[in-house]
Amino acid sequence: MSFTLLKTVLKKNWTLLLIFFGVLTMYMTIMISMYNPNDMEALTSMLKMFPPELMKAMSFSDMVTDLTSYLASWLYGLLMFGFPMVYCIILGNRLVAKMVDNSSFVYLLSTPNSRVRIIITQGVYALASVALLFAALFGVGVLVSSFMFPNTLDISAFFRLNLTTMLVNMVVMMISFFFSCLFNETKLSLGFGAGIPIAFLIMNMLGGASADAEILKKLSIYGFYDGVEIVRGAKVWGVNLVYIAAIMILFTAAVLVFRKKRLPL
Amino acid sequence: MIEVKKLTLKYPSGKGVFELDFSVKKGEVMGYLGPNGAGKTTTIRALLGFMHPNSGSCTIGGLDCSSKAPEIQKTLGYIPGEIAFLDDMNGNEFLRFMHDMRGTKDTDRQKQLIEMFELDPKGKIKKFSKGMKQKLGIITAFMHNPDVLILDEPTSGLDPLMQNRFVELILREKAKGKTILMSSHIFEEVEKTCDNVLIIKDGRIVKESDVQTLKNSQRKGFTIKPADIASASQLLQNAGFEVCNTADDAIEVFVTGENIDRFIKAAAQFTILNFDVKTQSLEDIFMQFYGREGK
């Protein structure tokens with residue numbers, strides 16, 4: 001870890017984080033404000049007008065009545081995958097491949113810092129920024145709910161929901177980061193670093209839409225858990241551990257691959 | 001200080017450098033010359049540890065360039081052939097960043113260099129002209145007072161005044177005993193600064209020589225307008241000189257340094273109407289090597 005580098009990376013990338021935090025805060029606030037504890041029936045009946053396959057693809061559950069499950073279904077079923085995914089793809093590519101592609105990485109290596117040290121610093125920033133994003137969103141959720149519907153949000157369940165969602169997004173972050181370390185060209189780094197997470201998201205949606213394709217959801221990293229189930233008290237420690245293992249494996253692989261490879265600088 | 005032994009670094013395209021063998025001693029300034037695509041930058045990539053060689057080895061100060069790159073960097077200054085800085089920084093921020101990353105103690109030398117090259121490091125680097133970026137690259141490479149300098153076309157984009165400043169800087173560093181490997185296309189710069197030159201072509205070293213010997217091997221061309229062209233040619237050819245007929249009434253003879261006296265004495269035997277000397281520049285000598293083996 002190099003703190004000088006970490007500081008510089010933060011300075012260069014905090015606006016990106018802020019933009020995504022801003023957009024997700026907006027969605028969170030709108031979603032919470034749309035919740036009507038007395039009128040979930042109306043919402044449910046409105047949902048019935050849409051084809052049930054579409055609703056399932058979006059992971060929207062019509063069984064929810066409480067605020068926490070409502071958020072788990074409506075916000076954490078798709079939006080909290082899709083938007084952070086875009087963030088992960090952009091940041092992952094920026095941290096390594098883009099700098100190698102435009103040769104500016106040479107200046108990081110023109111210092112007495114090893115490749116491993118530099119890549120670990122970049123990776124730590126990537127993970128820390130995702131952690132920060134979800135910590136902040138958790139805070140926003142708690143604050144906005146307590147302001148609009150005091151004592152309605154199950155904070156402990158909402159925390160567990162955010163924790164697992166954060167972990168799956170960290171896996172996505174590390175997928176993008178790994179390909180950013182593997183390839184010297186932005187084109188390839190983005191191709192794989194974006195392609196694979198998008199494929200997982202599509203698999204999750206298709207798998208949700210039809211019982212025949214359910215296997216797709218099971219194979220997608222997004223489909224390892226059900227947000228509404230977490231809120232209802234389901235234990236997902238196994239899933240969390242799988243995510244943590246995936247994060248560590250991808251991070252290690254990224255460092256190893258970068259340590260050995262030829263850099264066209 | 002810099003040792004390259006049987007270094008081979010191949011690209012998938014089949015290009016690269018092959019079986020390079022050379023060394024740069026402490027306090028020596030080595031010019032590294034060759035046409036575009038000959039393998040200069042590839043050699044430098046191996047020296048900086050950006051690419052691990054297929055076979056052979058290179059070391060700087062006894063440290064292996066691939067495995068000990070961070071340690072080597074403590075005493076190494078590098079100017080990349082194609083300079084790209086970190087986006088969105090201004091010049092001062094970048095210099096401070098490099099300073100902190102290296103853990104350098106003082107900024108006196110940085111200030112001196114900024115003055116020497118008349119750089120205004122305030123604005124965004126993105127908006128810098130090519131020459132200004134090059135100046136920033138030079139300052140970055142020299143500001144931590146490194147013992148070894150690897151410079152890839154260090155003066156590209158600089159105006160003639162700044163090119164001279166750069167030559168001054170190199171000479172000053174050389175006087176301090178710094179070891180320098182410098183690739184360049186500017187022969188005047190090489191002539192002024194380098195002790196020795198390496199010429200690389202198609203990934204192989206085709207010539208290694210000191211600049212003085214290279215200069216001695218310079219041939220002078222004499223254009224002579226004799227009264228009687230046939231007998232003059234005959235006389236010179238008998239004396240063992242190479243004679244070309246350049247015009248109807250003139251001949252051209254190329255003579256190396258040690259044969260000048262013999263040539264003058266041979267030419268004294270016939271009547272000369274006009275006489276002209278053409279000096280072959282160092283550039284012409286390099287051109288011989290650049291062109292050779294290519295076809």
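The values are calculated or read from the model by the stated rules, or taken from the named source; none is laboratory data. Here the structure is a predicted model, which means the values were calculated and not measured. Cβ placement follows ideal geometry from the backbone for every residue including glycine, while neighbour counts extend to all protein chains displayed.
Scanning segment A:1-12 for residues that are within 18 Å of A:Ala131 (Cβ to Cβ) and either at the interface with another protein chain (Cβ under 10 Å from one of its Cβ atoms) or assigned to a helix (DSSP H, G or I) (or both) gives A:Phe3, A:Leu6, A:Lys7, A:Val9, A:Leu10.
If you check B:Leu136 against the conditions, is it of a type in the set (A, V, I, L, M), more than 9 Å from chain A (Cβ to nearest Cβ), within 22 Å of A:Leu265 (Cβ to Cβ) and touching a Gly at 6+ places or on another chain (Cβ under 9 Å)?
Values: of a type in the set (A, V, I, L, M): yes; more than 9 Å from chain A (Cβ to nearest Cβ): yes; within 22 Å of A:Leu265 (Cβ to Cβ): yes; touching a Gly at 6+ places or on another chain (Cβ under 9 Å): yes.
Yes; evaluated as a whole, the condition is true for this residue.
Screening A:Phe192 against (1) buried (at least 20 other Cβ atoms within 10 Å of the Cβ); (2) farther than 24 Å from A:Ala72 by Cα leaves a single unmet condition, (1). Annotation: B:Leu214 fulfils all but one of (1) at pLDDT below 85; (2) within 30 Å of B:Met116 (Cα to Cα); (3) hydrophobic (A, V, I, L, M, F, W, C); the unmet one is (2). Residue check: A:Val168 meets all listed conditions (1) more than 14 Å from every other protein chain (Cβ to nearest Cβ); (2) crowded, with 23+ Cβ neighbours inside 10 Å; (3) not in a helix (DSSP H, G or I) but one, namely (3).
Of the residues making up segment B:26-52, those that are surrounded by fewer than 19 Cβ atoms within 10 Å (Cβ to Cβ) and of a type in the set (Gly, Ala, Ser) are B:Gly27, B:Gly37.
Entry remark, segment A:13-57: residues being in contact with a helix residue (DSSP H, G or I) (Cβ under 8 Å, 6 or more places away or on another chain), within 14 Å of chain B (Cβ to nearest Cβ) and more than 20 Å from A:Phe81 (Cβ to Cβ) number 1 in total. All conditions in (1) farther than 20 Å from B:Ile60 by Cβ; (2) in contact with a strand residue (DSSP E or B) (Cβ under 8 Å, 6 or more places away or on another chain); (3) surrounded by 20 or more Cβ atoms within 10 Å (Cβ to Cβ); (4) not hydrophobic (A, V, I, L, M, F, W, C) hold for B:Ser183, with the sole exception of (1).
Please verify whether B:Thr41 is in contact with a Gly (Cβ under 6 Å, 6 or more places away or on another chain), within 30 Å of B:Gln212 (Cα to Cα), at pLDDT 90 or above and among the β-branched types (Val, Ile, Thr), treating the condition exactly as stated.
Values: in contact with a Gly (Cβ under 6 Å, 6 or more places away or on another chain): yes; within 30 Å of B:Gln212 (Cα to Cα): yes; at pLDDT 90 or above: yes; among the β-branched types (Val, Ile, Thr): yes.
The answer is yes for B:Thr41.
Among the residues of segment A:87-94, at least one is polar (S, T, N, Q), buried (at least 22 other Cβ atoms within 10 Å of the Cβ) and within 14 Å of chain B (Cβ to nearest Cβ).
Filtered by the rule that a residue be modelled with pLDDT under 90 and surrounded by 19 or more Cβ atoms within 10 Å (Cβ to Cβ), segment B:70-84 gives a lone residue, B:Ile83.
Of the residues that make up segment A:174-182, is at least one among the β-branched types (Val, Ile, Thr) and out of contact with any Pro (no Cβ under 8 Å at 6 or more places or on another chain)? Show your work before the answer.
Of the residues in segment A:174-182, the ones among the β-branched types (Val, Ile, Thr) are A:175.
Of the ones still in play, those that are also out of contact with any Pro (no Cβ under 8 Å at 6 or more places or on another chain) are none.
Within segment A:174-182, none of the residues are among the β-branched types (Val, Ile, Thr) and out of contact with any Pro (no Cβ under 8 Å at 6 or more places or on another chain).
Assigned to a helix (DSSP H, G or I), within 14 Å of another protein chain (Cβ to nearest Cβ), more than 28 Å from A:Leu67 (Cβ to Cβ) and of a type in the set (Ser, Thr, Tyr) - does that describe any residue in segment A:173-188? Taking every residue of segment A:173-188 in turn, at least one turns out to be assigned to a helix (DSSP H, G or I), within 14 Å of another protein chain (Cβ to nearest Cβ), more than 28 Å from A:Leu67 (Cβ to Cβ) and of a type in the set (Ser, Thr, Tyr).
Taking segment B:222-237, which residues are surrounded by fewer than 17 Cβ atoms within 10 Å (Cβ to Cβ), touching a residue at least 24 places away in the same chain (Cβ under 8 Å) and not β-branched (Val, Ile, Thr)? Explain how you work it out, then say what you get.
First, pick out the residues of segment B:222-237 that are surrounded by fewer than 17 Cβ atoms within 10 Å (Cβ to Cβ): B:223, B:225, B:227-228, B:230-231, B:234, B:237.
Remaining after also requiring touching a residue at least 24 places away in the same chain (Cβ under 8 Å): B:223, B:225, B:227-228, B:231.
Listed by number, the residues that qualify are B:Lys225, B:Ala227, B:Asp228, B:Ser231.
Among the residues of segment B:224-246, is there at least one that is modelled with pLDDT under 80 and touching a Lys or Arg at 6+ places or on another chain (Cβ under 6 Å)? Checked against the condition, which is being modelled with pLDDT under 80 and touching a Lys or Arg at 6+ places or on another chain (Cβ under 6 Å), segment B:224-246 yields no hits at all. Meeting the requirement of 2 or more residues that are out of contact with any helix residue (DSSP H, G or I) (no Cβ under 9 Å at 6 or more places or on another chain), of a type outside the set (Val, Ile, Thr) and surrounded by fewer than 20 Cβ atoms within 10 Å (Cβ to Cβ), the helices (runs of 4 or more DSSP H) wholly within segment A:209-265 are A:237-260. Of the residues B:Ser55, B:Ser23, the single one that is among the hydroxyl-bearing types (Ser, Thr, Tyr), farther than 24 Å from A:Lys260 by Cβ and surrounded by fewer than 24 Cβ atoms within 10 Å (Cβ to Cβ) is B:Ser23.
Checked across segment B:129-149, the condition of being without any contact (Cβ under 8 Å) to a residue 24 or more places away in the chain and among the basic types (Lys, Arg) holds for no residue.
Comparison of B:Val211, B:Val243, B:Val190 shows that the only residue that is closer than 30 Å to B:Asp152 by Cα, buried (at least 16 other Cβ atoms within 10 Å of the Cβ) and in contact with a Ser or Thr (Cβ under 6 Å, 6 or more places away or on another chain) is B:Val190. Summed over segment A:86-119, residues that are over 15 Å from A:Ser2 (Cα atoms), touching a residue at least 60 places away in the same chain (Cβ under 8 Å) and either hydroxyl-bearing (Ser, Thr, Tyr) or assigned to a helix (DSSP H, G or I) (or both) total 15. Does B:Asn164 fit the bill of being surrounded by fewer than 19 Cβ atoms within 10 Å (Cβ to Cβ), assigned to a helix (DSSP H, G or I), in the same structural domain as B:Leu86 (by TED's automatic domain parsing) and not small (Gly, Ala, Ser)? Yes, satisfied.
Looking at segment A:146-161 only, could you name the residues that are in contact (Cβ under 8 Å) with a residue 60 or more places away in the chain, surrounded by fewer than 24 Cβ atoms within 10 Å (Cβ to Cβ) and not in a loop (DSSP other than H, G, I, E, B)? Passing the criteria: A:Met148, A:Ala157, A:Phe158, A:Arg160.
Can you say whether A:Leu24 is at pLDDT 90 or above, surrounded by 13 or more Cβ atoms within 10 Å (Cβ to Cβ), within 30 Å of B:Pro70 (Cβ to Cβ) and out of contact with any His (no Cβ under 7 Å at 6 or more places or on another chain), as far as the supplied structure shows? I'd like the intermediate steps shown before the answer.
Details: at pLDDT 90 or above: yes; surrounded by 13 or more Cβ atoms within 10 Å (Cβ to Cβ): yes; within 30 Å of B:Pro70 (Cβ to Cβ): no; out of contact with any His (no Cβ under 7 Å at 6 or more places or on another chain): yes.
Judged against the criteria, A:Leu24 is not a match.
For the condition touching a Pro at 6+ places or on another chain (Cβ under 6 Å) and polar (S, T, N, Q), what is the one hit in B:Thr75, B:Thr104, B:Thr155, B:Thr59? So that I can check it myself, show each step before the final result.
Values: B:Thr104 fails: touching a Pro at 6+ places or on another chain (Cβ under 6 Å); B:Thr155 fails: touching a Pro at 6+ places or on another chain (Cβ under 6 Å); B:Thr59 fails: touching a Pro at 6+ places or on another chain (Cβ under 6 Å).
Sole residue among the options that is touching a Pro at 6+ places or on another chain (Cβ under 6 Å) and polar (S, T, N, Q): B:Thr75.
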